[in-house]
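Computed from the coordinates by the stated procedures, all read-outs in this text should not be read as laboratory data. Remember, predicted model here, so these are calculated numbers, not experimental data. As a convention, Cβ positions derive from the backbone with ideal geometry for all residues, glycine included, and neighbour counts pool all protein chains shown.
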Amino acid sequence: MSKAHSPNGCPECNGHLDFDAGETVCSDCGLVVSEYRIDHGPEWRSFSDDDRNPARTGAPLTHSRHDRGLSTKIGRSTRIKGRKRRKFARLRRQHNRARISSKRERNQVYAFTEIRRVTSALSLPNTIRDQACTLFKSAQKENLLRGRSLEGFAAACIYAACRVMGVARSVEEVCEVAKSTEAEQQAAYRALNRDLGLPIAPTPPTEYIPRFATKLDLDCDVERLAREYATEAQEDGSLGGKNPCGVAAACLYTAARDLNADCTQSEAADVADVTPVTLRKTYVALRD
């Protein structure tokens, strides 16, 4: 009498099934039940005395490259000499030319390089960098770059990405590191905001307070009180329409005055890149 077939056993002898190297094999009769199972294990074996690098998958895809990082690169070697070295130099030159096939891609390479440089100098995360590169591609698709500066659009895309993702960076901070002027950045940003319809909300002053407090070397109590002042001013709308950087600096100065901390008007104004007169007016409004 034959054994009843178990759904988890061998269909021939109802034996135990083993899963090895993507195949399902019966350990009793040797029947290969399935050979198309996905093997989720590594594609390499490592031994204790093996110093080779097992990683063969390459770098991940990224939006910060015009080809998303899929292109190859011909490296250099000091072991080849003479004619072979000159041959590889020609191949490398032709390969680099073939990677950029149009003016559109050449503009992307230049702008993405500028975006990576500025985001690195501002210590911004990779999500901001990728978002800025995606915005630049969208601007190219909508033909917004005609007659405008590439450097200005790179700076505008970084600032717009910061605004969209809620990272507090002012126009002055971005333009201080970028190669564009504030006028070029503002013109490009207006075009982005108008034609792409970016979901941008006003940056609250509380986003600037931690960074300004660190630069002014103020303790946590001053920062906490400044956050309370900024939140109250934002809720009652008494400081609507004012520069959020100036409001953050004025809240820090007010909190420092209340807690007898060392902070002058000129120092707070310099950190926020506003004039002492602007800070003084906001300070008076907070007191009122």
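Some observations on this one:
- At R0 = 51 Å, FRET efficiency that the Cβ-Cβ distance of residue 104 and residue 275 yields, to 0.05: 0.75
- In percent, rounded to a whole number, the relative contact order of segment 157-288 is 22, using alpha-carbon pairs under 8 Å and six or more apart.
- Peptide packing: for 174-187, 242-255, 101-114, the average count of neighbouring Cβ atoms within 10 Å per residue gives the ranking 242-255, 174-187, 101-114, highest mean first.
- Legend: distances between Cα atoms for 137/179; 141/179; 242/281; 103/141; pairs beyond 21 Å are 141/179.
- Rounded to the nearest 20 debye, dipole of segment 72-220 from Cβ charges on Lys, Arg, Asp, Glu: 2360
- When each of the peptides 280-286, 202-208 is scored by the mean number of other C-beta atoms lying within 10 Å of its residues, the order from highest to lowest reads 202-208, 280-286.
- Estimated distance in nm for a label pair at residue 29 and residue 94, the labels positioned 7 Å out from Cα along Cα-to-Cβ: 6.0
- Separation in nanometres of the label points that stand 7 Å from Cα toward Cβ, at residue 79 and residue 232: 7.2
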